[in-house]
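Working notes for the structure below.
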Amino acid sequence: MPVTRVSGEIRWGIVGPANIARGQFLPGLREAGGGRAALVASRDLARAQAFAAENGVERGVADYAALVESPEVDAVYVALPNSLHAEWTIRALQAGKAVLCEKPLCVGAAQTAQVLDAAAVMPGALLWEAFVFPFQAQHRRLVSLLADGAVGDLAEVVSSFHFRLTQPGDIRLSAALGGGALADVGCYPIRLGHELFGPDPAQVAVGSAIVPAGGEVESDAAAIVISGTRRLVLTCGFGRSYDTFTRILGSQGQLHLANPFHPRPADPLTLLRPGADPVTEYPTTDERSFTAAVRHIHAVLRGEAEPEHTAADSALATAVTLEAVQAAGGLR
C-alpha cells in the first residue's frame, strides 16, 4: 500500500514504550511541531496506557499490528528491541505507513538487505533509520566546512560513543534481542564515517571487543576501519561516563565536535589550524536531537520536500561495516 500524503497534522504511532521514545523521540516531535502522538503499542495494555498518560500520547493499545494498520496513524516510530525491528518495519510499510525505525535497522547485513528489498518493491515506501544527526544544523555545518577545505584533504575520523549502563537486565545486554555496545552505540561512528568518507568500501583493519564474564554481548569495543585512503578509529562501550568526543583530521587542520550525534545548542564545533587561533561555533539550533529529522519527515509527508538520508541510502553499508567490526572483534 503506498504512503498517503498528509495535508494536516502528521499522526504518529509508537511501537514499543521505550525510554528512547520518552526521552528523545517525543520531545523532538513536540519541538518539531506539525504532528502529534496518536497511539503507542505495548504487548501489555496497562503499560501502553500508562506510557500514553505519562507522555502525552492520545491512546495506548496492546497490539503492534493494530497500531501499524490503524487508520489513525500516518507514520510509525519503531522503538522495539533490535531483534524485532525487521518484522514490524516491514509490517508498517506494508500498511502504507512512513517508518522511522530505531538504529540499527536490523540485526545483521542479511536481514537489513531483506528489509530494504521489501521496501524497494512497495510503491512510494518511506523508510528512515533513526540516525538523526545528518539532519541537524551542526552536521550540515560540518559537511560545509569540509567541502570548503577548512581542514584540507580529509584523512581520519576519531570518534567515540560511551555511556554507563547500570541496569543488569537492560535489553542492550541480551544477545537474543540483538544487543551489544557496537549495535547500540558503535554504529554511530560507523555511520559518521560513511557520511564523511562517501561510498568507498570499508575494510576493518583491526578490531577488539570485551565480553564480561557471564555476559552475553560485548560491553566495550574498538576498531580501525579503512575506507580508501581514509581511516575511522572508533571506540564504544557501556562502562564509562558519557563521551562522544570526535576529531575530524585533515592535511591542514582538524575539527573537534563535543557531541556529533545528539548535540544541544551549547555543544561546540571547533576548527583548529596550525598557526591560527581556534575558531569555535555553536551551530545547533534545536534543543532536541530528533527534532530536525521529524520536521523533515513531516515535510516529506506533506509533499513539501524530497526524502533525504533514507535507509536505502545508508543502512546496508552501515550494517556491513558493523558486522565486519563485530567479526574482527571475535563476535561472529
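The values are calculated or read from the model by the stated rules, or taken from the named source; none is laboratory data. Just so it is clear, the structure is predicted and the values come from calculations on it, not from any experiment. In this analysis, Cβ positions are derived from the backbone assuming ideal geometry, glycine residues included, and neighbour counts consider all displayed protein chains. Accessible surface is based on the protein model in full, side chains and every heavy atom, while ligands, DNA and RNA are left aside. Shrake-Rupley method; radii C 1.70, N 1.55, O 1.52, S 1.80 Å.
Can you give me the % of accessible surface on the chain that is carbon or sulfur? Probe 1.4 Å, all protein chains present, nothing else counted. All intermediate terms of the calculation are to be shown ahead of the outcome.
Numbers: 7150 of 13840 Å².
Carbon and sulfur atoms account for 52 percent of the accessible area of the chain.
Helix content alone sets the calculated 222 nm mean residue ellipticity of the chain: runs of n ≥ 4 DSSP H residues at -39500 (n - 2.57) each, divided across all residues, give -8500 deg cm²/dmol.
Rank-order 101-108, 143-150 by packing density, defined as the average count of other C-beta atoms within 10 Å over each peptide's residues, highest first. Spell out each step's value before the answer.
Numbers: 101-108: 24.8, 143-150: 13.6.
The most tightly packed comes first, giving 101-108, 143-150.
Multiplying the residue separation of THR229 and VAL143 by 0.36 nm and removing their Cα-Cα distance gives an extension gain of 29.1 nm. Counted residue by residue at 0.36 nm each, then reduced by the alpha carbon distance between them, the extension gain from LEU272 to ALA327 reaches 16.3 nm.
Simple spin-label estimate for ASP153 and GLU281 gives 2.4 nm between the two label positions (7 Å along the Cα-to-Cβ direction from each Cα).
Roughly how big is the chain's charge dipole about its Cα centre, with Cβ charges of +1 (Lys, Arg) and -1 (Asp, Glu), in debye to the nearest 20? The dipole of the chain has a size of about 260 debye. Across region 128-133, computed HN-Hα scalar couplings (Karplus, 6.51 cos²θ - 1.76 cosθ + 1.60, θ = phi - 60°) run 10, 8, 7, 8, 8, 5 Hz from first to last residue, x flagging Gly and Pro. Look at the Cα gyration tensor of region 94-235: its axes a ≥ b ≥ c give a/c of at least 1.5 with a/b at or below b/c, and that counts as oblate. Here the spin labels are modelled as points 7 Å beyond Cα on the Cα-Cβ line, and at ALA120 and GLN203 they lie 2.6 nm apart.
Can you bin region 195-278 into rounded, prolate or oblate? Criterion: square roots of the alpha carbon gyration tensor eigenvalues sorted a ≥ b ≥ c, rounded for a/c under 1.5, prolate for a/b above b/c, oblate for the rest. Let's see the in-between values first.
Details: a/c = 2.54, a/b = 1.40, b/c = 1.81.
Oblate, because a/c is 1.5 or more while a/b does not exceed b/c.
Calculated on the alpha-carbon coordinates, the convex hull of region 1-50 measures out at 95 cubic angstrom per residue.
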